[in-house]
Amino acid sequence: MGFVTYEQEGFVGLITINRPKALNALNSEVLKDLEAVIDAVDLDNTRALILTGAGEKSFVAGADIGEMSTLTKAEGEAFGKIGNDVFRKIETLPIPVIAAVNGFALGGGCEIAMSCDIRLCADNAIFGQPEVGLGITPGFGGTQRLARIVGVGKAKEMIYTAFNIKADEAYRIGLVNAVYTQEELLPAAKKMAAKIASNAPIAVRACKKAINDGLDATMDDAIVIEEKLFGSCFESEDQKNGMSAFLNKQKIKDLGGFQNK
Ligand code: DAK
């Protein structure tokens, strides 16, 4: 794909948004390429994904301002829908997605990182929702996901002021899980992805679904969602092997690769 590359290392896939001359800004071509790459991921043999940006300066510097500048209302809505569909696809993929944020994550860049399950960043990362300075609202879910991740007050401050924040502040408010040097970021993301991939894949998928679906439900309904997904694990070989290994004081060698019966 022209603007998005994909590499597979074992059970982990690395997706790179590759438009470094424009700091990986998201135009409709990039978004379409990204969707095609995600659709092509072999979910039978992939247990975690990493999303990053090409180059040393930027993860994603936002939606493409040049492309957006001439949009009509209808075209703006259509552009927003392409982005929202692909972001939602990332959020609801059955496997975890780690954003490795290597520089600017502004506007749509911050929003795409927030559609991932976990955010790690380099010490040069800059996050922000600068849209109100451009006369628009965040349009790829920023008003919704930022408030859910960092809390309503902080999200409103960031969105209303359009101030950018650095990596250490992003860590302090819980927008990212950890900060690394630029050299350490990708190895750290790969290490985390490999650890996730070493666990029982059916259980990991069930955890992602339980957390995501539960967040949109009342606690009573959320607990039922968890109960059902918990129950579904008892039809997996991993549950039998994992528990019998523990009871027999053996180390489990081979989690995964077993589909639900
Ligand atoms: N769009 C297009 N091109 C961009 C870009 C962007 N967002 N960000 C950077 N570039 C391009 C620059 O134009 C420049 O291109 P050339 O001039 O070399 O051709 C190249 O990348 C390098 O950028 P700079 O020369 O500006 O580099 P600096 O280091 O000086 O500055 C910067 C880096 C990230 C601080 C600066 O580039 C910047 O402020 N960029 C814009 C950041 C920004 O405001 N991002 C948020 C965009 S708004 C919606 C859907 C989605 C959205 C809204 C509504 N609906 C339709 C519902 C989302 C909106 C956004 O994301």
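Do we have residue 59 as under 22 Å from residue 192 (Cα atoms) and within 12 Å of the ligand (Cβ to nearest atom) here? Criteria met by residue 59.
One residue alone among 99, 48, 54, 40 is in contact (Cβ under 8 Å) with a residue 12 or more places away in the chain, more than 12 Å from the ligand (Cβ to nearest atom) and more than 21 Å from residue 121 (Cα to Cα), and that residue is 40.
Among residues of the range 1-37 being of a type in the set (D, E, K, R) and under 25 Å from residue 107 (Cα atoms), the one that is nearest to the ligand (Cβ to nearest atom) is 21. Taken together, 247, 255, 215 contain a single residue that is open to solvent by less than 80 Å² (accessible area, probe 1.4 Å) and either out of contact with any strand residue (DSSP E or B) (no Cβ under 8 Å at 6 or more places or on another chain) or among the small types (Gly, Ala, Ser) (or both), which is 255. Tell me whether the range 81-93 contains one or more residues that are near the ligand (Cβ under 10 Å from one of its atoms) and among the aliphatic types (A, V, I, L, M). Checking the range 81-93: at least one residue is near the ligand (Cβ under 10 Å from one of its atoms) and among the aliphatic types (A, V, I, L, M).
Here is the figure for the range 140-155: residues that are farther than 23 Å from residue 73 by Cβ and exposed (fewer than 14 other Cβ atoms within 10 Å of the Cβ) total 4.
Where helices (runs of 4 or more DSSP H) fall wholly inside the range 59-139, the ranges with 1 or more residues that are surrounded by 15 or more Cβ atoms within 10 Å (Cβ to Cβ) and small (Gly, Ala, Ser) are 73-92, 108-114.
Strands (runs of 3 or more DSSP E) fully within the range 1-56 that include at least 2 residues being surrounded by fewer than 19 Cβ atoms within 10 Å (Cβ to Cβ) and either of a type outside the set (Val, Ile, Thr) or at positive phi (or both): 4-9.
The values are calculated or read from the model by the stated rules, or taken from the named source; none is laboratory data. These figures come from a predicted structure and were not determined experimentally. Every residue, glycine among them, receives a Cβ derived from its backbone with ideal geometry; neighbour counts consider all protein chains shown. These accessible areas exclude ligands, DNA and RNA; they are computed on the full protein's heavy atoms, side chains included. Shrake-Rupley method; radii C 1.70, N 1.55, O 1.52, S 1.80 Å.
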